[in-house]
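Here the structure is laid out as structure tokens; the discussion comes afterwards.
The values are calculated or read from the model by the stated rules, or taken from the named source; none is laboratory data. As the structure is a prediction and not an experimental result, all values here were calculated from the model. Because the Cβ atoms are built from the backbone with ideal geometry, glycine has one as well, and the counts that use them run over all protein chains shown. SASA here: full protein model, heavy atoms, side chains in, ligands and nucleic acids out. Shrake-Rupley method; radii C 1.70, N 1.55, O 1.52, S 1.80 Å.
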Amino acid sequence: MTSTASLRRRAGAFALALALTTAALSGCAAASAKTADAACPDADTPLASLALETDPRATTGSSTACLASDAIEAVADTSAPVLPATVRDAEGRTVEVADVSRILPVDISGTIAATVFGLGLGDAVVGRDSSTTFAGTEGLPVVTKSGHTLNAEAIAELAPTVMLTDTTIGPKEVRQQLRDAGIAVVVVSSERRADTTGALVAEIAAALGVADRGTELADRLAADVADAVAEVAGIVPAEASDRPRLLFLYVRGSANVYYIFGRDSGADSLIDAVGGVDVASEIGWEGMKPMTAEALVAAQPDVLVMMTDGLASVGGVDGLLERIPALQQTPAGEHRRVVDMADAEILSFGPRTADVIRALARAVYAPASAASAPTAAPAS
């Protein structure tokens, strides 16, 4: 069994790769996500009511997965935080949080901020990271203006009483600098999977003194995810051999970065949730590693799953096939079959997990209901 420490190391490796290669595109994520939402009129239609592909393994063409809404629904519980709250964070530090009137939640995917809003504490949030683009955060100042690197000066100006973060964003020296300035800094787990959302909610809720709200939110999200998985199961081919073979490919053309995400990367849990075959895990691919032509050919994916800005960074499907000739030897390449989703949504695994599962399933099994994939890099 893979240890928690190993999972965190792999999550950290992904975070480093993502942080180093998304700086040039960080300002474009919100625009691409909003465009995709507007182009998906069937985004809130039940999966069983859509025009499903007869054979999802033989589908041709690209599609974009879209959320029906990017709003975060807060819990009904409005009980006051119980403070001070003392927690032992993911780095083994004992942290006391005495004041949650000014909360700064930052990570590489916007998941922590979404969770804080889900706990009903959105009004106390004073700033955001580049990936936090959901409704209600538009006017918040960004404290990661240099890609996904923490800006100590920008954070200090906001005078947060508590900062919630993880190891996907840094550098760690800035986190220590903020501690030295008297800010309570809580580092939560960096592990992001469809089946660990509840644990993350509990960590964040405990740090903010709202454990009861955390229980309500975690229970609701677990039920939502279970409903989404059941809904997807109703449209997935009964025979395992008929299920689409998916591979998560992370690219940043401007930095010449090409990664395959395999077992324990988080992407595998998303592929499992939509009833696909995770071909990277099938060939023994662990975590996140640089892509090889041999791995692509061995995996033989029917569908490539990608981040929207990543696909755009290589010039869309045409550019992807030109840059990676080995894809021509796979069904996905032959059928030009790529499913993309906004960078700040696809692996966020927070309050929108159930919606992400449904959106990806819609793009895989009913692509006519989804938007068209990008053909060029988004304007920054």
Inset, instruction - Scan [x] 20.5, 69; [y] 23.7, 101; [z] 20.0, 60 for the value of Rg and Dmax of the Cα atoms in Å calculated from this model and give just the label. - result: [z]
Inset, instruction - Averaging sequence separations of C-alpha pairs under 8 Å and six or more residues apart, then dividing by the length of the chain, give the relative contact order as a whole percent. - result: 26 percent
Inset, instruction - Report, to the nearest whole %, how much of the accessible area of segment 62-138 belongs to carbon and sulfur atoms, 1.4 Å probe, protein only. - result: 46 percent
Legend entry - Taking segment 87-217 and dividing mean pair separation by its residue count, relative contact order in percent (alpha carbons under 8 Å, at least six apart): 27 percent
Inset, instruction - Taking the Cα centre of the chain as origin, sum charge times position over the Cβ atoms of Lys and Arg (+1) and Asp and Glu (-1), and report the length of that vector in debye to the nearest 20. - result: 800 debye
Inset, instruction - From largest accessible area down, sort R175, R323; use a 1.4 Å probe on the protein chains. - result: R323, R175
Inset, instruction - Please report how far the C-alpha centroid of segment 276-324 lies from that of segment 156-185, rounded to the nearest whole angstrom. - result: 35 Å
Inset, instruction - Could you give the spread of the C-alpha atoms of segment 124-188 along their three principal axes, from largest to smallest, in whole angstroms? - result: 32, 22, 22
Legend entry - Alpha-carbon Debye profile of segment 208-360, log10 I(q)/I(0) at 0.09, 0.14, 0.18 Å⁻¹: -0.31, -0.70, -1.06
Inset, instruction - Give the share of C-alpha pairs in each 10 angstrom bin for segment 63-135, from 0 to the last occupied bin, in whole percents, shortest bins first. - result: 17, 43, 31, 7, 2
Inset, instruction - Taking only protein heavy atoms into account and a 1.4 Å probe, give the accessible area per residue of the chain in Å². - result: 38 Å²
Inset, instruction - Express as a percent, rounded to the nearest 5, the fraction of DSSP beta bridges in the chain (both residues included) that run antiparallel. - result: 40 percent
Inset, instruction - For segment 197-281, build the convex hull from the C-alpha positions and give me its volume per residue in Å³. - result: 123 Å³
Legend entry - Tail fraction, Cα-Cα pairs, segment 35-165, threshold 26 Å, whole percent: 39 percent
Inset, instruction - Could you please state how large a percent of the accessible area of segment 233-380 is carbon and sulfur, counting protein chains only and using a 1.4 Å probe? - result: 49 percent
Inset, instruction - For a quick protection proxy, order the peptides 328-335, 48-55 by their average other-Cβ count within 10 Å, most packed first. - result: 328-335, 48-55
Inset, instruction - Find the relative contact order for segment 87-152 and round it to a whole percent, using C-alpha pairs within less than 8 Å whose residues are 6+ positions apart. - result: 25 percent
Legend entry - Hydrodynamic radius by Kirkwood, which averages 1/r over all alpha carbon pairs of segment 142-272, in angstrom: 18.0 Å
